[in-house]
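Only the coordinates and a few stated rules stand behind these numbers; no lab work does. Since we're looking at a predicted model, the values are computed, not measured. Don't worry about glycine lacking a Cβ; one is built from the backbone with ideal geometry, like all the others, and counts go over all protein chains shown.
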Amino acid sequence: MRKTLTIFGRNTMRQSILHKPNLLFIASILAGSTCIATTANSATPDPCTLITVAEMEQIVGPLDGAPSATDPASGEITCTYTPKAGPSFIDVSLHEGDLAGLRRSADNKDAVSLPEFGKDAFVTPNAQEYTDLYAKKGKIILQVSVPVGPNAVATVKAIAAKAFGRL
């Protein structure tokens with residue numbers, strides 16, 4: 001079992017450096033909101049239940065094992081799927097915060113609005129080598145992340161379409 005640190009659904013072992021804007025954004029979220037894992041443990045959905053293995057396999061093909069969830073006590077709520085082919089990983093994460101503020105961050109300058117997922121929902125086709133989709137329902141932000149690739153935007157949208165309805 002590999003041990004890694006994940007911040008907002010991104011495994012830092014996959015990311016070369018943490019940029020100052022990211023650190024400032026993360027610090028502002030932590031200062032301005034309560035960690036989702038401590039606010040409502042029983043009310044916070046398990047991201048591994050937002051999309052079934054069968055549904056994920058319909059989108060990305062066979063998986064290499066069962067999805068793995070982070071320990072909510074870590075302050076992060078993420079489920080990682082590993083396809084046998086295609087993207088090297090798929091992270092489905094939940095957190096609280098300011099979705100409009102997140103969109104304004106330096107990493108999301110090329111964000112594309114996704115009104116089908118709500119007022120402030122967006123996708124970033126290439127944010128530090130990842131394609132990320134963000135949508136908010138109530139106080140919870142759904143984030144779906146995959147490495148950049150030719151079908152990355154379609155992949156995160158298909159996954160979010162299944163997961164968002166179950167939040």
Which of the residue pairs 109/137; 84/109; 84/139; 139/162; 109/162 have a Cα-Cα distance greater than 28 Å in the structure shown?
84/109; 84/139
Residue order, fewest to most beta carbons within 10 Å, for 167, 102
167, 102
Taking 0.36 nm per intervening residue step and subtracting the Cα-Cα distance, what contour gain separates residue 58 from residue 110 on full extension?
15.9 nm
